[in-house]
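The values are calculated or read from the model by the stated rules, or taken from the named source; none is laboratory data. Predicted model only: the values in this text are computed from it and were never measured. No Cβ is skipped: glycine too gets one built from the backbone with ideal geometry, and neighbour counts run over all protein chains shown. These area figures cover heavy atoms from the full protein model, side chains too; ligands, DNA and RNA do not enter into them. Shrake-Rupley method; radii C 1.70, N 1.55, O 1.52, S 1.80 Å.
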Amino acid sequence: EDHGDFRVFDEFRYDNANGCLNNLYSGYANSIYTANLIISNFTDENSTQTAPQFTSAYTAQCVAEARVFRAYMHMMEALAWNTPCIVDRLLDPSEFPQQASSQKEVLDWVIAECEKAIASGSLPVDKGAADKDASARMTKGFAQFVAGKAAMFNNDPATARKYLGDLINSGSYSLVPSKDYWMLFHAAGHGNSEVIFPANFQEDPNFT
């Protein structure tokens with residue numbers, strides 16, 4: 001009975017109660033909400049367009065990182081569900097999110113959000129291909145990656161070439177040597193020169 005929901009999904013026998021789909025969508029939606037908590041409270045991008053009471057260079061960085069993260073979540077929703085809702089701020093209790101009219105609308109918005117974050121100058125920048133710490137942040141490189149990937153799925157190769165070309169030419173990333181290829185997707189390869197942003201998790205010592 002292990003991974004039953006995955007088998008049902010892989011065999012195209014699923015309905016809207018499938019745990020794989022529910023958990024994936026909930027994860028994206030909760031992540032978007034978390035990002036909006038930062039953006040709506042530290043900018044005027046909220047339902048009342050109220051200016052924040054406190055700002056600093058640090059909050060500007062947090063907003064830029066949250067903007068890229070939120071864009072990434074919307075891109076992943078668009079690639080899986082085609083026309084998800086664009087939730088660009090905290091919603092009031094009486095509001096309902098509106099479904100996008102097309103996948104293109106979502107991907108255009110994703111690219112614009114990444115461009116806004118890059119233009120802010122507040123995103124962390126990788127210090128080079130050996131910078132392991134940067135792989136755990138929403139960096140300028142990751143924003144370029146998201147914009148480039150969104151553009152590829154948006155049938156916009158010129159924009160994709162721009163952002164992915166900038167990413168390649170930045171010198172912040174490089175292919176691992178052949179002798180280290182075995183490290184990819186293993187603990188030994190975490191944060192290596194190919195990594196733009198990995199899945200991160202914390203081991204729970206109490207969970208055996």
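Being in a helix (DSSP H, G or I), open to solvent by less than 90 Å² (accessible area, probe 1.4 Å), closer than 15 Å to ALA117 by Cα and acidic (Asp, Glu): is that true of GLU45 here? Outline the logic, then answer.
On the way: in a helix (DSSP H, G or I): no; open to solvent by less than 90 Å² (accessible area, probe 1.4 Å): yes; closer than 15 Å to ALA117 by Cα: yes; acidic (Asp, Glu): yes.
When the stated conditions are applied, GLU45 does not pass them.
ALA147 meets all of the listed conditions (1) closer than 16 Å to TRP109 by Cα; (2) surrounded by fewer than 14 Cβ atoms within 10 Å (Cβ to Cβ) but one, namely (2).
So, in segment 5-21, how many residues would count as being surrounded by 10 or more Cβ atoms within 10 Å (Cβ to Cβ) and either among the acidic types (Asp, Glu) or touching a helix residue (DSSP H, G or I) at 6+ places or on another chain (Cβ under 9 Å) (or both)?
Going through segment 5-21, the residues surrounded by 10 or more Cβ atoms within 10 Å (Cβ to Cβ) turn out to be 5-10, 14, 18-21.
From what is left, the residues that are either among the acidic types (Asp, Glu) or touching a helix residue (DSSP H, G or I) at 6+ places or on another chain (Cβ under 9 Å) (or both) are 5-6, 8-10, 14, 18-21.
Result for segment 5-21: 10.
For segment 61-81, check the following and say yes or no: at least one residue is out of contact with any strand residue (DSSP E or B) (no Cβ under 7 Å at 6 or more places or on another chain), modelled with pLDDT under 95 and surrounded by 14 or more Cβ atoms within 10 Å (Cβ to Cβ). Yes, some residue in segment 61-81 is out of contact with any strand residue (DSSP E or B) (no Cβ under 7 Å at 6 or more places or on another chain), modelled with pLDDT under 95 and surrounded by 14 or more Cβ atoms within 10 Å (Cβ to Cβ).
Looking at segment 173-180, is at least one residue open to solvent by 100 Å² or more (accessible area, probe 1.4 Å) and within 20 Å of the chain's Cα centre (by Cα)? Within segment 173-180, none of the residues are open to solvent by 100 Å² or more (accessible area, probe 1.4 Å) and within 20 Å of the chain's Cα centre (by Cα). Which residues, taken from segment 1-43, are acidic (Asp, Glu) and either at pLDDT 95 or above or within 26 Å of ASN82 (Cα to Cα) (or both)? If the condition is that a residue be acidic (Asp, Glu) and either at pLDDT 95 or above or within 26 Å of ASN82 (Cα to Cα) (or both), then ASP5, ASP10, GLU11, ASP15 are the ones that fit.
Residues that are polar (S, T, N, Q), at pLDDT 85 or above and surrounded by 18 or more Cβ atoms within 10 Å (Cβ to Cβ) within segment 109-136 comprise just one, SER122.
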